[in-house]
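Peer 1: Below is one structure. I have some questions about it.
The values are calculated or read from the model by the stated rules, or taken from the named source; none is laboratory data. Treat the numbers as computed from the prediction; the structure is a model and nothing was measured. Every residue, glycine as well, gets a Cβ built from its backbone with ideal geometry; the counts of neighbours run over all protein chains shown.
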Amino acid sequence: MSRLPIVVLISGGGTNLQAIIDAANRDLPVEIKAVISNHADAYGLERAKQAGIPTAVLKHRDFPDRDSFDAALMKLIDSYRPGLVLLAGFMRILTPDFVRHYHGRMLNIHPSLLPDFQGLHTHQRAIEADVQKHGASIHFVTEELDGGPIILQASVPVLPDDEADNLAARVLEKEHIIYPLAVNWFAQGRLLLNDADQVVLDGKIIDSPVQLEQAPR
(Lines give C-alpha, C1' and ligand atoms only; values in the text may rest on other atoms or scores of the structure.)
Protein backbone atom coordinates (compact mmCIF):
# COMPACT_ATOMS: atom_id res chain seq x y z
CA MET A 1 0.00 0.00 0.00
CA SER A 2 1.27 3.47 -0.86
CA ARG A 3 1.91 5.78 2.06
CA LEU A 4 -0.26 8.87 2.58
CA PRO A 5 1.82 12.05 2.90
CA ILE A 6 0.93 13.93 6.08
CA VAL A 7 2.02 17.07 7.93
CA VAL A 8 1.74 17.33 11.71
CA LEU A 9 1.31 20.63 13.56
CA ILE A 10 2.42 20.88 17.17
CA SER A 11 3.03 23.47 19.87
CA GLY A 12 4.49 21.40 22.69
CA GLY A 13 5.87 18.05 23.77
CA GLY A 14 4.49 16.02 20.90
CA THR A 15 3.50 12.78 22.59
CA ASN A 16 0.70 12.22 20.06
CA LEU A 17 3.22 12.97 17.32
CA GLN A 18 5.41 10.26 18.83
CA ALA A 19 2.48 7.84 18.74
CA ILE A 20 2.04 8.56 15.02
CA ILE A 21 5.79 8.19 14.39
CA ASP A 22 5.86 4.86 16.23
CA ALA A 23 2.80 3.60 14.35
CA ALA A 24 4.33 4.67 11.01
CA ASN A 25 7.43 2.68 11.90
CA ARG A 26 5.21 -0.36 12.31
CA ASP A 27 2.37 -0.57 9.82
CA LEU A 28 0.60 2.80 9.64
CA PRO A 29 0.63 3.64 5.91
CA VAL A 30 1.68 7.29 6.17
CA GLU A 31 4.81 9.27 5.46
CA ILE A 32 5.30 12.25 7.75
CA LYS A 33 6.57 14.89 5.35
CA ALA A 34 7.13 17.55 8.03
CA VAL A 35 6.44 18.55 11.60
CA ILE A 36 5.68 22.25 11.98
CA SER A 37 5.53 24.20 15.23
CA ASN A 38 4.75 27.78 16.21
CA HIS A 39 7.22 27.44 19.10
CA ALA A 40 10.91 26.89 18.41
CA ASP A 41 11.42 25.17 21.79
CA ALA A 42 8.62 22.62 21.34
CA TYR A 43 10.06 19.24 22.30
CA GLY A 44 8.03 17.60 19.55
CA LEU A 45 10.51 19.11 17.08
CA GLU A 46 13.27 17.09 18.74
CA ARG A 47 11.15 13.96 18.47
CA ALA A 48 10.80 14.60 14.74
CA LYS A 49 14.51 15.23 14.27
CA GLN A 50 15.36 12.00 16.09
CA ALA A 51 13.08 10.19 13.63
CA GLY A 52 14.68 11.88 10.62
CA ILE A 53 11.57 13.93 9.83
CA PRO A 54 11.95 17.46 8.41
CA THR A 55 10.89 20.23 10.79
CA ALA A 56 9.92 23.86 10.42
CA VAL A 57 9.17 26.68 12.86
CA LEU A 58 6.74 29.46 12.05
CA LYS A 59 6.34 31.79 15.02
CA HIS A 60 2.92 33.38 15.22
CA ARG A 61 4.38 36.33 17.12
CA ASP A 62 6.34 37.28 13.99
CA PHE A 63 3.09 38.14 12.21
CA PRO A 64 0.86 41.18 12.72
CA ASP A 65 -2.38 39.22 12.87
CA ARG A 66 -3.96 35.79 12.77
CA ASP A 67 -4.86 36.00 9.08
CA SER A 68 -1.31 36.68 7.94
CA PHE A 69 0.09 33.90 10.11
CA ASP A 70 -2.43 31.39 8.83
CA ALA A 71 -1.76 32.40 5.22
CA ALA A 72 1.96 31.80 5.72
CA LEU A 73 1.29 28.54 7.53
CA MET A 74 -0.95 27.36 4.72
CA LYS A 75 1.74 28.12 2.15
CA LEU A 76 4.32 26.23 4.23
CA ILE A 77 2.08 23.20 4.70
CA ASP A 78 1.16 23.07 1.03
CA SER A 79 4.83 23.06 0.04
CA TYR A 80 4.91 19.48 1.42
CA ARG A 81 1.80 18.47 -0.58
CA PRO A 82 0.10 16.52 2.24
CA GLY A 83 -2.99 14.42 1.82
CA LEU A 84 -3.82 14.92 5.49
CA VAL A 85 -2.96 17.52 8.13
CA LEU A 86 -2.90 16.51 11.79
CA LEU A 87 -3.28 18.91 14.69
CA ALA A 88 -1.45 17.32 17.61
CA GLY A 89 -1.48 19.82 20.43
CA PHE A 90 -1.32 22.80 18.08
CA MET A 91 -2.46 25.61 20.36
CA ARG A 92 -3.82 28.06 17.82
CA ILE A 93 -7.35 29.05 16.89
CA LEU A 94 -7.42 28.73 13.11
CA THR A 95 -9.05 31.20 10.75
CA PRO A 96 -12.06 30.19 8.63
CA ASP A 97 -10.07 30.49 5.38
CA PHE A 98 -7.42 28.13 6.71
CA VAL A 99 -9.97 25.58 7.91
CA ARG A 100 -11.92 25.68 4.64
CA HIS A 101 -8.71 25.12 2.66
CA TYR A 102 -8.18 21.78 4.44
CA HIS A 103 -11.83 20.80 4.70
CA GLY A 104 -12.16 17.05 4.97
CA ARG A 105 -8.41 16.51 5.25
CA MET A 106 -7.53 17.90 8.66
CA LEU A 107 -7.98 16.04 11.95
CA ASN A 108 -7.65 17.16 15.54
CA ILE A 109 -7.40 15.34 18.85
CA HIS A 110 -9.11 16.89 21.85
CA PRO A 111 -8.78 15.72 25.48
CA SER A 112 -12.46 15.36 26.32
CA LEU A 113 -15.53 13.46 25.25
CA LEU A 114 -16.79 16.11 22.86
CA PRO A 115 -19.07 18.00 22.80
CA ASP A 116 -18.34 18.19 26.53
CA PHE A 117 -15.53 20.47 27.66
CA GLN A 118 -14.52 22.22 24.49
CA GLY A 119 -11.51 24.49 24.90
CA LEU A 120 -8.83 24.33 27.58
CA HIS A 121 -8.35 22.79 31.06
CA THR A 122 -10.58 19.87 30.20
CA HIS A 123 -9.38 17.48 32.91
CA GLN A 124 -9.90 19.89 35.79
CA ARG A 125 -13.28 20.89 34.39
CA ALA A 126 -14.32 17.24 34.15
CA ILE A 127 -13.41 16.70 37.81
CA GLU A 128 -15.25 19.84 38.90
CA ALA A 129 -18.31 18.79 36.91
CA ASP A 130 -18.32 15.47 38.80
CA VAL A 131 -18.71 13.39 35.64
CA GLN A 132 -18.22 9.65 35.78
CA LYS A 133 -16.41 9.36 32.44
CA HIS A 134 -13.83 11.48 30.69
CA GLY A 135 -11.69 10.81 27.65
CA ALA A 136 -10.50 11.98 24.25
CA SER A 137 -12.01 12.57 20.81
CA ILE A 138 -10.76 12.62 17.23
CA HIS A 139 -12.70 14.92 14.92
CA PHE A 140 -12.57 16.56 11.54
CA VAL A 141 -11.68 20.23 11.86
CA THR A 142 -14.34 22.78 10.97
CA GLU A 143 -14.75 26.47 11.70
CA GLU A 144 -16.29 25.75 15.11
CA LEU A 145 -13.61 25.41 17.79
CA ASP A 146 -13.45 21.73 18.86
CA GLY A 147 -16.83 21.37 17.17
CA GLY A 148 -16.18 19.42 13.98
CA PRO A 149 -17.79 16.05 13.24
CA ILE A 150 -16.53 13.50 15.76
CA ILE A 151 -15.00 10.29 14.45
CA LEU A 152 -13.69 8.26 17.36
CA GLN A 153 -13.63 8.47 21.16
CA ALA A 154 -12.06 6.62 24.06
CA SER A 155 -13.08 7.00 27.68
CA VAL A 156 -11.68 6.42 31.14
CA PRO A 157 -13.49 6.45 34.48
CA VAL A 158 -13.10 9.50 36.68
CA LEU A 159 -12.04 8.18 40.09
CA PRO A 160 -13.00 9.76 43.42
CA ASP A 161 -9.43 10.76 44.26
CA ASP A 162 -8.50 11.97 40.77
CA GLU A 163 -6.55 15.16 40.26
CA ALA A 164 -6.13 16.79 36.87
CA ASP A 165 -2.62 15.43 36.28
CA ASN A 166 -3.29 11.76 36.87
CA LEU A 167 -6.60 11.91 35.00
CA ALA A 168 -4.77 13.57 32.10
CA ALA A 169 -2.16 10.79 32.12
CA ARG A 170 -4.82 8.08 31.79
CA VAL A 171 -6.56 9.97 29.00
CA LEU A 172 -3.24 10.44 27.19
CA GLU A 173 -2.74 6.68 27.04
CA LYS A 174 -6.04 6.45 25.15
CA GLU A 175 -5.08 9.35 22.88
CA HIS A 176 -2.01 7.43 21.75
CA ILE A 177 -4.28 4.58 20.64
CA ILE A 178 -7.11 6.41 18.92
CA TYR A 179 -5.14 8.96 16.88
CA PRO A 180 -3.11 6.39 14.90
CA LEU A 181 -6.28 4.32 14.48
CA ALA A 182 -8.25 7.18 12.94
CA VAL A 183 -5.31 8.17 10.75
CA ASN A 184 -5.06 4.58 9.56
CA TRP A 185 -8.72 4.60 8.52
CA PHE A 186 -8.18 7.81 6.55
CA ALA A 187 -4.96 6.58 4.94
CA GLN A 188 -6.68 3.39 3.81
CA GLY A 189 -9.54 5.35 2.24
CA ARG A 190 -12.03 4.00 4.77
CA LEU A 191 -12.74 7.35 6.46
CA LEU A 192 -14.01 10.55 4.86
CA LEU A 193 -16.13 13.62 5.44
CA ASN A 194 -18.98 13.86 2.93
CA ASP A 195 -20.48 16.97 1.36
CA ALA A 196 -23.02 17.20 4.19
CA ASP A 197 -20.20 17.22 6.78
CA GLN A 198 -21.08 13.71 7.92
CA VAL A 199 -18.45 11.19 8.94
CA VAL A 200 -18.38 8.15 6.67
CA LEU A 201 -16.52 5.03 7.80
CA ASP A 202 -16.35 1.89 5.68
CA GLY A 203 -19.09 3.29 3.43
CA LYS A 204 -21.56 4.01 6.23
CA ILE A 205 -22.54 7.37 7.75
CA ILE A 206 -21.60 7.47 11.43
CA ASP A 207 -24.49 9.00 13.39
CA SER A 208 -22.56 9.03 16.67
CA PRO A 209 -18.84 8.77 17.47
CA VAL A 210 -17.26 5.34 17.25
CA GLN A 211 -16.17 4.17 20.69
CA LEU A 212 -12.76 2.53 20.96
CA GLU A 213 -14.16 -0.70 22.40
CA GLN A 214 -16.35 -1.23 19.30
CA ALA A 215 -13.99 0.30 16.75
CA PRO A 216 -13.16 -1.72 13.64
CA ARG A 217 -9.46 -2.26 13.03
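Peer 1: Has the range 96-108 got any residue that is over 14 Å from residue 142 (Cα atoms), buried (at least 21 other Cβ atoms within 10 Å of the Cβ) and among the aliphatic types (A, V, I, L, M)?
Peer 2: Kept after step one, since they are over 14 Å from residue 142 (Cα atoms), are these residues of the range 96-108: none.
Scanning the range 96-108, I find no residue that is over 14 Å from residue 142 (Cα atoms), buried (at least 21 other Cβ atoms within 10 Å of the Cβ) and among the aliphatic types (A, V, I, L, M), so the answer is no.
Peer 1: Next up: In the range 7-42, what count of residues is obtained for those that are crowded, with 16+ Cβ neighbours inside 10 Å and in a helix (DSSP H, G or I)?
Peer 2: Number satisfying all stated conditions: 9.
Peer 1: List the pairs whose first member sits in the range 157-171 and is touching a residue at least 60 places away in the same chain (Cβ under 8 Å), whose second member is in a loop (DSSP other than H, G, I, E, B) and surrounded by 13 or more Cβ atoms within 10 Å (Cβ to Cβ), and whose Cβ atoms are under 6 Å apart, counting only residues at least 6 apart or on separate chains?
Peer 2: Taking only residues 6 or more apart or on different chains, the pairs are 171/111.
Peer 1: If you go through the range 46-101 one residue at a time, how many are among the aliphatic types (A, V, I, L, M), in contact with a strand residue (DSSP E or B) (Cβ under 6 Å, 6 or more places away or on another chain) and outside any helix (DSSP H, G or I)?
Peer 2: Qualifying residue count for the region: 8.
Peer 1: From the list 99, 85, which one is within 23 Å of residue 191 (Cβ to Cβ), among the β-branched types (Val, Ile, Thr) and touching an Asp or Glu at 6+ places or on another chain (Cβ under 6 Å)? Before you say what the answer is, go through the steps one by one.
Peer 2: Working: 85 fails: touching an Asp or Glu at 6+ places or on another chain (Cβ under 6 Å).
Every option except 99 fails the conditions.
Peer 1: Is it the case that the range 144-163 has a residue that's among the aliphatic types (A, V, I, L, M) and at pLDDT below 95? Spell out how you get there, then give the answer.
Peer 2: The first filter runs over the range 144-163 and keeps only residues among the aliphatic types (A, V, I, L, M), leaving 145, 150-152, 154, 156, 158-159.
If we keep only those that are at pLDDT below 95 too, we end up with 145.
Yes; the residues of the range 144-163 include at least one that is among the aliphatic types (A, V, I, L, M) and at pLDDT below 95.
Peer 1: Any chance the range 181-189 includes a residue that's in contact (Cβ under 8 Å) with a residue 24 or more places away in the chain, assigned to a loop (DSSP other than H, G, I, E, B) and either within 20 Å of residue 11 (Cα to Cα) or not aromatic (Phe, Trp, Tyr) (or both)?
Peer 2: So far as the range 181-189 goes, yes, one or more of its residues are in contact (Cβ under 8 Å) with a residue 24 or more places away in the chain, assigned to a loop (DSSP other than H, G, I, E, B) and either within 20 Å of residue 11 (Cα to Cα) or not aromatic (Phe, Trp, Tyr) (or both).
Peer 1: Would you tally the residues in the range 119-154 being touching a strand residue (DSSP E or B) at 6+ places or on another chain (Cβ under 8 Å), in contact (Cβ under 8 Å) with a residue 40 or more places away in the chain and exposed (fewer than 15 other Cβ atoms within 10 Å of the Cβ)?
Peer 2: 0
Peer 1: Kindly evaluate residue 193 against the criterion of being in contact (Cβ under 8 Å) with a residue 60 or more places away in the chain, out of contact with any Ser or Thr (no Cβ under 7 Å at 6 or more places or on another chain) and either at positive phi or among the hydrophobic types (A, V, I, L, M, F, W, C) (or both). Reasoning before the result, please.
Peer 2: Details: in contact (Cβ under 8 Å) with a residue 60 or more places away in the chain: yes; out of contact with any Ser or Thr (no Cβ under 7 Å at 6 or more places or on another chain): yes; either at positive phi or among the hydrophobic types (A, V, I, L, M, F, W, C) (or both): yes.
Yes: the conditions hold for residue 193.
Peer 1: Of all residues in the range 4-42, which are in contact with a helix residue (DSSP H, G or I) (Cβ under 9 Å, 6 or more places away or on another chain) and more than 22 Å from residue 182 (Cβ to Cβ)?
Peer 2: Hits for the range 4-42 are 38, 39.
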